[in-house]
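The values are calculated or read from the model by the stated rules, or taken from the named source; none is laboratory data. Keep in mind that this is a model prediction, so the values were computed, not measured. FYI the Cβ positions are ideal-geometry reconstructions off the backbone, even for glycines, and counts take in every protein chain you see.
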Ligand SMILES: [Zn+2]
């Protein structure tokens with residue numbers, strides 16, 4: 001699977017174009033909050049064969065341009081089922097974050113995914129790992145080489161857990177489950193550069209509690225949630 005990253009919008013969110021190399025079929029992963037991603041994708045030559053839209057979570061910067069993308073590509077759209085309560089607030093999230101001009105309609109969801117589900121993109125199977133904490137239903141999509149983590153994990157950091165509907169205790173468990181996956185997986189985050197699970201397990205200061213639990217040496221850890 002080819003992973004192309006486009007960093008767009010006021011929040012500099014990483015959106016992705018995932019392409020199954022055997023069939024050329026593509027998926028958009030996350031949307032930005034403006035028409036910028038649509039314009040970028042429509043300018044690509046050759047035009048991508050977009051078959052689906054995948055959302056990691058329902059925050060404005062990741063899902064806010066869904067209607068604009070669906071106007072251009074009327075394709076099946078996937079959202080974690082547990083993300084519905086947050087997704088439903090999209091029309092007012094701009095106002096919630098002090099930017100009412102960014103209030104956006106929700107757009108259409110066709111498929112609600114759960115932990116352990118798979119999504120087929122051509123010959124590529126994407127697996128779903130539910131990683132709530134930053135949001136109620138945040139999920140990751142992964143193959144045997146790459147994982148798209150939304151705002152679960154960043155190079156050297158993790159997603160904020162102080163937003164409405166965040167839960168730091170769930171984040172603790174989600175990070176443990178994420179770090180049970182193979183360390184060679186390339187991590188494509190919602191913000192910032194590419195990393196790997198192995199590099200984060202050793203160097204990420206927010207994962208000190210996992211290093212302690214597993215008896216691993218690494219960077220000093222922050223205590224950021226109860227029990228960490
Ligand atoms: Zn977010």
Is there a residue in segment 208-217 that is on the phi > 0 side of the Ramachandran plot and away from the ligand (no atom under 16 Å from the Cβ)?
yes
Lone qualifier among 152, 124 - being within 16 Å of the ligand (Cβ to nearest atom), under 23 Å from residue 78 (Cβ atoms) and crowded, with 17+ Cβ neighbours inside 10 Å
152
From the options 185, 175, residue that is away from the ligand (no atom under 16 Å from the Cβ) and buried (at least 17 other Cβ atoms within 10 Å of the Cβ)
185
The residue from 82, 27, 35, 72 that alone is touching a strand residue (DSSP E or B) at 6+ places or on another chain (Cβ under 8 Å) and away from the ligand (no atom under 16 Å from the Cβ) is 27
Among the helices (runs of 4 or more DSSP H) confined wholly to segment 1-102, which include 3 or more residues that are within 22 Å of residue 165 (Cβ to Cβ) and modelled with pLDDT under 95?
90-96
Counted residues, segment 38-59 - those being over 12 Å from the mean Cα position of the chain (by Cα) and within 16 Å of the ligand (Cβ to nearest atom)
0
Given (1) more than 14 Å from residue 27 (Cα to Cα); (2) within 16 Å of the ligand (Cβ to nearest atom); (3) not in a helix (DSSP H, G or I), identify the lone condition not met by residue 105.
(2)
